[in-house]
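Visitor: I'd like to ask you about the structure that follows.
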Amino acid sequence: MKRQDMLYAGALAASLVGMHAAAQTPYDGGSAQVYCQGAFNKGDFAGLDRVYRSYMAETRPALRRLSEECMEAISVFVPSGAPESAWTAMEKKADTWAKQTPASLLARLVHAKVILLRATMADNAGASWAAVDNELDRASRILDAQPTASRDSNWYVKKLEIAKRRESPSGTVVELMNGALSVDPVALAPYEAAIRALDTQRGRGDPQLVEWLATTAAEKTRATEGMARYARIYEQAAVSFYQLRMNPFGPGRADWLKLDQGFRDLEKHSPIDYRINVHAGFACLARDKKTTSELLARIGTKVDRTAWYLGPGPNWAMGRHYDECKTWAAQGERAT
C-alpha cells in the first residue's frame, strides 16, 4: 500500500472510530449480524433499536444496508428444521418487543419477516392457499400497525415481499416502489425486492417494467454511482426473468450502451470475477465483439460458468454459452 493510501486509510479509520465509538455500533456486515442476533437473544431491544436508527441515519448506502442485514439476521434466528414451538416463541418475543416499545419499527419488521418465513414454509409443505394468505394478511397488518412505518425503506421491502408471495399485479408493485423512492431513492434493497415482485409470472414477467426500474434507479443514483445501478438491476433481473435471459435487448428492454457503461462503473468499485463474466455474457448477446473480446481477455483463466446464464437454452447449458461466445469472439471483427 502506498504511503498516501496508508495515511488516508488511517485517517478514515480514526474518523469512523470517532464517529461511532460513543454509539458502539458495529459497522461491518458480519459484526452487525452477530450483534443483532446476540442482542435479540438477550432481549436487549433498546440496543437493537438504537443500532437500527444509527444505520438508517447513515448517508452511505453500504452502511444503511446494515439495517437490513441486522433485521434479516434476527428473523432467521430460528434454525432450519426447528419445531413449530420455536417459531411460536420467536413470534412471541417479537410481539413482546413491539408492545414494550410501540415506536419500534424494527420490532414489527422482524415480526413480519418471521411470519413471511412461516408462510413460505407452509406453502412449500403443501398448505392451502387460504392458510398461506392468512399468514400474509397477518404480516401485512403488523406492518401497517406502525403509523410512521411507511417512512422507512425496509418497510417497503417487506411489503414488496408480501406482494411477491401473493403474485400481486404489477401495478401494486410499481405503487410500492414509487413509495420507496419517495422515502429513499438510493437504498438498494427496495429495488432488489421489486425485481423479485415484478416476476409475478414465474419467469415471464414484463421486461418493460424492468427497464423502467433500471432507468429510474440510474436516474436516482447517477450523481454518486454513474450507471452502476442500471447494471445491478439487469444483473439480477436476467437471472429470474426468462424473457430477459433469452434476449435482454430489443424494444422496451435493456439499452446496451447504458448497460455496458453501468458494468464499467460497477467494476470500478467491485471488480469481482463473477461480474466481469456476466458483463461478457451481455456483451456477447449484444453482438459487441470488441467488448466481448476485451472482457474475455480480462477474464483469462478466471472463468465462472455459473455467470454465463444468458442466452437460449436451459440453465444447465451455461457452459455452452461461454464456449459459443469465446468461439464467436475469436473469429475476427468481420464475422457475425
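The values are calculated or read from the model by the stated rules, or taken from the named source; none is laboratory data. The shown structure was predicted, so the numbers you read here are calculated from the model rather than taken from an experiment. Here the Cβ positions follow ideal geometry from the backbone for every residue, glycine too, while neighbour counts run over all protein chains shown. The accessibility values were calculated without ligands, DNA or RNA, using every heavy atom of the protein model including side chains. Shrake-Rupley method; radii C 1.70, N 1.55, O 1.52, S 1.80 Å.
Visitor: What FRET efficiency comes out for Thr172 versus Ser128 if R0 is 22 angstrom and r is the Cβ-Cβ distance? Round to the nearest 0.05. Each step should come with its number before you reach the end.
Guide: Values: r = 23 Å, r/R0 = 1.03.
After rounding to 0.05, the efficiency reads 0.45.
Visitor: For a quick check of understanding: with a 1.4 angstrom probe and all protein chains in place, what accessible area in square angstrom does His321 have, to the nearest ten?
Guide: Estimated to the nearest 10 Å², His321 gives 10 Å².
Visitor: How much accessible area per residue does the stretch 237-319 have, counting only protein heavy atoms and a probe of 1.4 Å, in square angstrom?
Guide: On the way: 3800 Å² over 83 residues.
Per-residue accessible area for the stretch 237-319 comes out at 46 Å².
Visitor: Got a number for the accessible area of Arg60? Probe 1.4 Å, square angstrom, nearest 10.
Guide: In the full protein context, Arg60 sits at about 90 Å².
Visitor: Just going by the charge dipole of the chain, with Lys and Arg at +1 and Asp and Glu at -1 on Cβ, which of Met90, Gly281, Ile299 is farthest out on the positive end?
Guide: Of Met90, Gly281, Ile299, it is Ile299.
Visitor: Right, another one. May I ask for the angle, rounded to the nearest 10°, between helix 153-166 and the longest principal axis of the chain, with both axes built from Cα atoms and the value confined to 0 to 90°?
Guide: 80
Visitor: Can you give me the Cα centroid spacing of the stretch 165-235 and the stretch 108-143 in angstrom?
Guide: So the two Cα centres are separated by 23 Å.
Visitor: By how many degrees, 0 to 90 and rounded to 10, does the Cα axis of helix 129-144 deviate from the longest principal axis of the chain?
Guide: Rounded to the nearest ten degrees, it is 70.
Visitor: Can you pull out the trypsin sites (Lys or Arg not before Pro) in the stretch 189-274 that DSSP calls coil and that have at most 13 other Cβ atoms within 10 Å? Display every interim value, and only then the final one.
Guide: On the way: sites: Arg196, Arg202, Arg204, Lys220, Arg222, Arg229, Arg232, Arg245, Arg253, Lys258, Arg264, Lys268; in loops: Arg202, Arg204, Arg253.
Those that pass, being in a loop and sparsely packed, are Arg202, Arg204.
Visitor: Given a 1.4 Å probe and every protein chain left where it sits, what share in percent of the accessible area of the chain is carbon and sulfur? Please list the in-between numbers first.
Guide: Details: 9050 of 16530 Å².
The nonpolar share, carbon plus sulfur, comes to 55 percent.
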